[in-house]
Amino acid sequence: MDDAREYIDLKTAPDAAPPVEGAPSIPAAELERITADVVRALKTVYDPEIPVDIYELGLIYRVDLSDERVLTIDMTLTAPGCPVAGEMPGWVEGAVRGIDGVEDVKVNMVFDPLWTPERMSDEAKLELGYL
């Protein structure tokens, strides 16, 4: 299920593009560190009804870091009527906000596509008895 992690794609301006004067860019080594820190932070946030973190559950659909170091996260819930729907984006924002190199955080709640158990990692499926 390695391809399930393709939606975690922190990126900056393409390497082949010449730098634009005055536009910030993030060095590859720093971007790699920030990516690892984001994943680590996301793994600290749990759906209170499910004993698996939101990253392994597949609730994170997209992560993008702009050249201005604004981290934008698109996430979903296991169900639109989830009791913590109003709180979970704040938990995610709080988890990633302190990451060195991230200036601001924006968390978007999305429901397209709807979440299904197929989005879970093998680790989550094993923990929840799907394997």
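The table that follows gives values for the structure above.
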{"read-out": "Inter-site label distance for residue 109 and residue 122 at 7 Å from Cα along Cβ, in nm", "value": "3.4"}
{"read-out": "J(HN,Hα) series, the stretch 62-74, from Karplus relation 6.51 cos²θ - 1.76 cosθ + 1.60, nearest Hz, glycine and proline x", "value": "7, 10, 9, 10, 7, 4, 7, 6, 9, 8, 10, 10, 9"}
{"read-out": "Under-5 Å amide H pairs with residue 106, H placed in peptide plane, nonlocal only", "value": "71, 72, 73"}
{"read-out": "Burial order of peptide ranges 54-63, 39-48 (average beta-carbon count within 10 Å, highest first)", "value": "54-63, 39-48"}
{"read-out": "Residues with amide H under 5 Å from that of residue 128, placed H, sequence gap 5 or more", "value": "none"}
{"read-out": "J(HN,Hα) series, the stretch 117-131, from Karplus relation 6.51 cos²θ - 1.76 cosθ + 1.60, nearest Hz, glycine and proline x", "value": "x, 5, 6, 6, 6, 4, 4, 5, 4, 5, 4, 9, x, 7, 10"}
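Throughout, read-outs are computed from the coordinates displayed, never taken from laboratory work. As the structure is a computational prediction, the values presented were derived from the model and not from experiment. Please note: Cβ atoms are built from the backbone with ideal geometry, for glycine as well, and neighbour counts cover all protein chains shown.
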